[in-house]
Amino acid sequence: MNPPALNPYLRVAIPLPLADLFDYRCPEAPVEIPLGTRVLVPFGNADRVGLVCGYRQKSDLPESRILSVRRVLDEGKPLLNGELVALLRWCATYYRHPPGEVYFNALPPALRKRKGRIPAEPVEYCLTRAGSERLELPVGKARRQYELLEMASSGPLTVERLRAWSSAWTQVSERLVEQGWLRKNPSSRAAIRAQQGPTLTAEQSVALAAISADLGKFRCHLLDGVTGSGKTEVYLRLIVDVLKAGRQALVLVPEIGLTPQLIRRFSERLGLQPAVYHSGLSEGERLRTWADARSGRARLLLGTRSALFLPLPEPGLIIMDESHDASFKQQDGFRFSARDVAVKRASDLGVPVVLGTATPSLESLRNAQRGRYGWNRLRQRASGAKQPRWQVQDMRTVNAKHGLSEPVTGAIAATLERGEQVLVFLNRRGYAPVLLCHECGWHASCRQCDANMTWHRNDRVLICHHCTYRQPVPHLCPDCRADALQGAGEGTQQLEQLLGQRFDSVPLYRFDRDQFSRKGSFEAMTGEVRKGQPCILVGTQMLAKGHHFPAVTLVVVLSLDQAFYSADFRATERMGQLLIQVAGRAGRAQSPGTVIMQTHHPDHPLLETLVGEGYEAFATALLEERRLAKLPPFSFQAVLRAEAAKREAVQAMLERAAACCVHGEARVHGPFPALMERRGGRVRWYLLLQSETRSGLQQSLGHWLPQVSALPEARRVRWSVDVDPQEF
């Protein structure tokens, strides 16, 4: 791209849902404005923060309509380098999302504002020769100064340590700097002090050697390891090599809840605190991590999908743990797949990317089978523990109380008597999925969604888990006024109550989103479980991912049968992944593990394959079904989603949009109602665009979407495009 001096016009991204960049004149003063620099520009009746994303020698607009940049907000080094600008440009094009929102997604919230500034580089205070000489003299009257000099005699003092020492640290330290007794230096990078790890298994050694051979160049590796096989140990060995080479490593996890245990594991093993980045942090914390990543101070970065866009001036490795997880796909706004963008970014940076999982997505598995990814299998647990033994409980032949069969209740009792721990998995929060009247059949449904409201008994409230609408629990049936309201089905709260009554001599811990409103409460509860005393864990999929509870020997899985009825073709894949992930919590130490799955479909062919032959055989069978049906990954999809208060407006818009789709090889299907047609008071329908090739899909979208935007009906509804959708 030509330098700014030869192009009088700037292409500026503004964080608005508009499908283009905007042309502005460079300021009258001769100044070079690099790509990735924030500028203040007039837009409408106000000034807005924009980001320079390109240059132009000529504009399509009349000269009289082109305004000038008010001022440059960032002096010196631009916020985003050329590599990130190019990646974000690709994302905006591929995912067909407004470019302004895509570019600003890569900035921490503090820098999306006009007054946002990059924080100063951290400093540390070091004792000078004159300061050492001062320490040899009597204390005198300035006792605080002398105390601070004594602290500095044992090594450089960070701002954090000084702040903990005294609220007046600034005045005292600056006075010592003025006297020449302390010197203020840029903080040194934290040194890695790696501890000796466990001896690798043969499989771990082979995987480590294969990935290490690609350090310094791009290659995507699928680290396909059963739960407990030591994938994290492979990550750690790779990270040590990368950090010792002076490079940066980025580790992505699907959920915030997984970061504390990885921080602890990395810190203990590497002697280095990872820099953390996710939406649960304050604006200041996110800004500090972003700035440390950009300067290269942060060598090891850990975060959720938003961390994928952190600046990496010295990249060495990208790791995505639990890479199959649906949380890596953004489901609103800028709907990008962090897994796919991670592979793209690693390619641009020329570094390897490792996709770690016990249950690879079908897309990753097919890429590995075709040789596009390195396929590194870990089929044995690193501790030598055996894989758990499976039992399938046929619910058609037994009595059940609150969702638990008698054989399962007996197995729980026997496990606790042996001094071991039990995990009971139920992927439904609340006390009961629905509150109904036993007399007339009334049930509590959400007035904004096509969904029942979940009964949260402890709080005496009904909550819709789709739109968060809530209302008090009625005392009598609203229809027939009978005193006959009762819960139907089971939720984690009801299961907690039942098991607490049946096994009142052991602690019971409930793990779900309702339970952990206070910061640190999740870590506190997992810490209690890791003490190893007999207890029962009840929880949702929060318990399924990555947690190591050595004393858990029995896992009970309730109510996964709904996946067999779902209209979503991905439901069976996700059921298999979740089942294997939950089962992997059992028997991770020396005591053997058992998994009991309650089901009404014990003879379902895919379930038999999963339990009898393992996840790889199960996924291979699913791949064959997808191939015959020409579904992803054997085709490529995009969804045009539309919503409005009235169904007629949505249908009219989508029917007109479907009639426009006549170019390219992609075919349009629909319109169809969403699986939940009404949500949050709005009606949702969609069109499905499908092609046998990725390029064919993109070509069709390029022809089609400008026509859709021009439709009069498109202005009457809210609509968006989701490329490579994961949900319907």
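Within region 175-210, the only residue that satisfies the criterion of being basic (Lys, Arg) and assigned to a helix (DSSP H, G or I) is 175. Counting the residues of region 344-363 that are under 18 Å from residue 632 (Cα atoms) and surrounded by fewer than 24 Cβ atoms within 10 Å (Cβ to Cβ) gives 2. Could you tell me which residue of region 86-104 is nearest to residue 48 (Cα to Cα), considering only residues that are surrounded by 21 or more Cβ atoms within 10 Å (Cβ to Cβ) and out of contact with any Phe, Trp or Tyr (no Cβ under 9 Å at 6 or more places or on another chain)? Top of the filtered list is 104.
In the set 107, 16, 10, which member is of a type outside the set (Val, Ile, Thr) and at pLDDT 95 or above? Only one candidate qualifies: 107. Count of region 341-366 residues, restricted to those that are in contact with a His (Cβ under 6 Å, 6 or more places away or on another chain) and either without any contact (Cβ under 8 Å) to a residue 12 or more places away in the chain or small (Gly, Ala, Ser) (or both), is 1.
Remark: pairs (first residue in region 109-130, within 16 Å of residue 285 (Cβ to Cβ); second residue modelled with pLDDT under 90; Cβ separation under 6 Å; 6+ apart in sequence or on different chains) = 110/116; 122/187.
Select from region 685-728 the residues that are over 23 Å from residue 630 (Cα atoms) and of a type in the set (Phe, Trp, Tyr) and list them in ascending order. Passing the criteria: only 719. Counting only residues that are in contact (Cβ under 8 Å) with a residue 24 or more places away in the chain and among the hydroxyl-bearing types (Ser, Thr, Tyr), which one in region 241-282 is surrounded by the most Cβ atoms within 10 Å (Cβ to Cβ)? Of everything passing the filter in region 241-282, 277 is surrounded by the most Cβ atoms within 10 Å (Cβ to Cβ). The helices (runs of 4 or more DSSP H) falling completely within region 603-680 that include 3 or more residues that are closer than 25 Å to residue 583 by Cα map to 605-613, 615-629. Within region 79-118, the residues that satisfy the criterion of being in a loop (DSSP other than H, G, I, E, B) and more than 15 Å from residue 310 (Cβ to Cβ) are 95, 96, 97, 98, 113, 114, 115, 116, 117. Residues in region 558-574 that are modelled with pLDDT under 90 and not aromatic (Phe, Trp, Tyr): 558, 559, 560, 561, 562, 563, 566, 567, 568, 571.
Of all the listed residues (654, 628, 607), the sole one being surrounded by fewer than 19 Cβ atoms within 10 Å (Cβ to Cβ), of a type outside the set (D, E, K, R) and out of contact with any helix residue (DSSP H, G or I) (no Cβ under 6 Å at 6 or more places or on another chain) is 628. Based on this model, can you work out whether residue 622 counts as at pLDDT 90 or above, within 26 Å of residue 364 (Cβ to Cβ) and crowded, with 17+ Cβ neighbours inside 10 Å? So residue 622 passes the test.
Residue 163 satisfies every condition listed in (1) surrounded by fewer than 14 Cβ atoms within 10 Å (Cβ to Cβ); (2) part of a loop (DSSP other than H, G, I, E, B) except (2).
Going through region 283-320 one residue at a time, which ones are buried (at least 19 other Cβ atoms within 10 Å of the Cβ) and within 17 Å of residue 113 (Cβ to Cβ)? Matches in region 283-320: 286, 287, 288, 290, 291.
Residue-by-condition table, conditions (1) small (Gly, Ala, Ser); (2) outside the structural domain of residue 92 (by TED's automatic domain parsing); (3) more than 21 Å from residue 632 (Cα to Cα):
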| site | (1), (2), (3) |
| --- | --- |
| 650 | no, yes, yes |
| 664 | yes, yes, no |
| 675 | no, yes, no |
| 680 | yes, yes, yes |
| 719 | no, yes, yes |
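Here residue 531 meets the list (1) free of Cβ contacts under 8 Å to residues at least 60 places away in the same chain; (2) assigned to a loop (DSSP other than H, G, I, E, B); (3) touching a strand residue (DSSP E or B) at 6+ places or on another chain (Cβ under 8 Å) almost entirely, failing just condition (3). Scanning region 105-142 for residues that are surrounded by 15 or more Cβ atoms within 10 Å (Cβ to Cβ), touching a Leu at 6+ places or on another chain (Cβ under 7 Å) and either among the acidic types (Asp, Glu) or closer than 30 Å to residue 90 by Cα (or both) turns up 106, 107, 108, 110, 111, 124. Could you go through region 523-532 and let me know if any residue there is over 25 Å from residue 261 (Cα atoms), buried (at least 18 other Cβ atoms within 10 Å of the Cβ) and assigned by TED's automatic domain parsing to the domain that holds residue 393. Looking for residues that are over 25 Å from residue 261 (Cα atoms), buried (at least 18 other Cβ atoms within 10 Å of the Cβ) and assigned by TED's automatic domain parsing to the domain that holds residue 393, one finds none in region 523-532, hence no.
Among the residues of region 364-380, just one is out of contact with any strand residue (DSSP E or B) (no Cβ under 7 Å at 6 or more places or on another chain) and buried (at least 22 other Cβ atoms within 10 Å of the Cβ), namely 365. With the structure loaded, tell me whether residue 327 is touching a residue at least 60 places away in the same chain (Cβ under 8 Å), surrounded by fewer than 23 Cβ atoms within 10 Å (Cβ to Cβ), of a type in the set (Ser, Thr, Tyr) and touching a helix residue (DSSP H, G or I) at 6+ places or on another chain (Cβ under 8 Å) or whether it fails that test. So residue 327 passes the test. Candidates 332, 394: the one that is without any contact (Cβ under 8 Å) to a residue 24 or more places away in the chain and either under 30 Å from residue 722 (Cβ atoms) or outside the structural domain of residue 296 (by TED's automatic domain parsing) (or both) is 332.
The values are calculated or read from the model by the stated rules, or taken from the named source; none is laboratory data. The model shown is predicted, which means the values in this text are computed figures rather than measured ones. We place every Cβ from the backbone using ideal geometry, glycine too, and count neighbours over all the protein chains shown.
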